[in-house]
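Novice: I have a structure I would like to understand better, so I am pasting it below and will then ask my questions one at a time.
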Amino acid sequence: MAQRDLTPTSYMILGLLTVKDWSAYEIAEQVGRGVAELWPSADRQRYNAPKILLERGLVTASTVTKGTQRSRTVYSITDEGRTALSDWLATQATPPALQFEGMIRVIFANQGTIADLRTNLTTMREQATRSRSLFVSHAQRISAPEAGTLPQQNHLMALANRFMIGHFNHIAEWADWALKETADWPDTVQPATTHRKRTVSTLAHSIDDGSS
């Protein structure tokens, strides 16, 4: 039975451990590779999650020392851990939730200046471009002859990677459009009346896109 009180971060770690045994540091490093864009809380949970899995009996831990290196804790998945992961994969995922501060700033931009709004739009475009570049580099690494860290999952990584690049493409393209749309706005207040027809046209396009 899936342990629904565990976070997706915990299941992510169980998934990593199905490939090989990892130290706490290696787990944190793997979770930190682009996962923050999919599951922001993973960054905060990646060091504590293995300890919780150990308490549940879903992983085991052993101390390993190599030569003169400092000893490290290495985690291995148990049969119970594999079962918990399989059971979780068979359950329904929760709906996606978007945490997007830049868009909140857009909604309340009428309380600030047009310069503030356009700076925010520019920042959103730059952030999306940087994040897109991150996933492009992931795609390049996955498709390299060495086949990346988890070669047996490249086909699945490709599915997720295409989504993430498309996601950030959408944000960057939207920000470009919004900068053009606001180029002739004198401020963030008057367009509510002076640009009413354009607003209605924009909403009409949104309705059409949403119903297609």
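Novice: Pull up segment 94-119, narrow it to residues that are free of Cβ contacts under 8 Å to residues at least 40 places away in the same chain and surrounded by 15 or more Cβ atoms within 10 Å (Cβ to Cβ), then point me to the one that is farthest from the chain's Cα centre (by Cα).
Specialist: So, considering only residues that are free of Cβ contacts under 8 Å to residues at least 40 places away in the same chain and surrounded by 15 or more Cβ atoms within 10 Å (Cβ to Cβ), the one farthest from the chain's Cα centre (by Cα) is Arg105.
Novice: Filter segment 41-70 down to the residues that are part of a strand (DSSP E or B) and aliphatic (A, V, I, L, M) and list them by number.
Specialist: Across segment 41-70, the qualifying residues are Val59, Ala61, Val64.
Novice: I've got another one for you. Quick one: is Ala192 small (Gly, Ala, Ser), touching a residue at least 40 places away in the same chain (Cβ under 8 Å) and surrounded by 13 or more Cβ atoms within 10 Å (Cβ to Cβ)?
Specialist: Spelling it out, it is not the case that Ala192 is small (Gly, Ala, Ser), touching a residue at least 40 places away in the same chain (Cβ under 8 Å) and surrounded by 13 or more Cβ atoms within 10 Å (Cβ to Cβ).
Novice: Looking only at residues that are closer than 18 Å to Tyr25 by Cα and basic (Lys, Arg) in segment 40-93, which one is least open to solvent (accessible area, probe 1.4 Å)?
Specialist: In this case the residue turns out to be Arg46.
Novice: Here is a further query. Run down Thr91, Thr122 and say which single residue is touching a residue at least 24 places away in the same chain (Cβ under 8 Å), part of a loop (DSSP other than H, G, I, E, B), out of contact with any helix residue (DSSP H, G or I) (no Cβ under 6 Å at 6 or more places or on another chain) and β-branched (Val, Ile, Thr).
Specialist: The match here is Thr91.
Novice: To continue, here is another question. Report, by residue number, each residue of segment 20-32 that is modelled with pLDDT under 80 and surrounded by 14 or more Cβ atoms within 10 Å (Cβ to Cβ). Don't jump to the end; show me each part of the working.
Specialist: Initially, segment 20-32 is screened for residues modelled with pLDDT under 80, giving 31-32.
Hit for segment 20-32 is Val31, nothing else.
The rows are residues; the columns are (1) in contact with a Lys or Arg (Cβ under 6 Å, 6 or more places away or on another chain); (2) of a type in the set (Ser, Thr, Tyr); (3) within 30 Å of Leu53 (Cα to Cα).
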| position | (1), (2), (3) |
| --- | --- |
| Thr73 | no, yes, yes |
| Asp79 | no, no, yes |
| Phe100 | no, no, no |
| Asn110 | no, no, no |
| Leu117 | no, no, no |
| Gln140 | no, no, no |
| Leu156 | no, no, yes |
| Ala160 | no, no, yes |
| His170 | no, no, no |
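Novice: Same structure, new question: Is it true that some residue in segment 100-110 is under 16 Å from Asp184 (Cα atoms) and at pLDDT 95 or above? Spell out how you get there, then give the answer.
Specialist: Going residue by residue through segment 100-110, those that are under 16 Å from Asp184 (Cα atoms) are 109-110.
Narrowing further to those that are at pLDDT 95 or above: 109-110.
Scanning segment 100-110, I find at least one residue that is under 16 Å from Asp184 (Cα atoms) and at pLDDT 95 or above, so the answer is yes.
The values are calculated or read from the model by the stated rules, or taken from the named source; none is laboratory data. A quick note: this is a predicted structure, and the numbers were derived from the prediction, not measured. Counting neighbours? That spans all protein chains shown, and the Cβs are built from the backbone with ideal geometry, glycine included. With ligands, DNA and RNA removed, areas are computed over all heavy atoms of the protein, side chains included. Shrake-Rupley method; radii C 1.70, N 1.55, O 1.52, S 1.80 Å.
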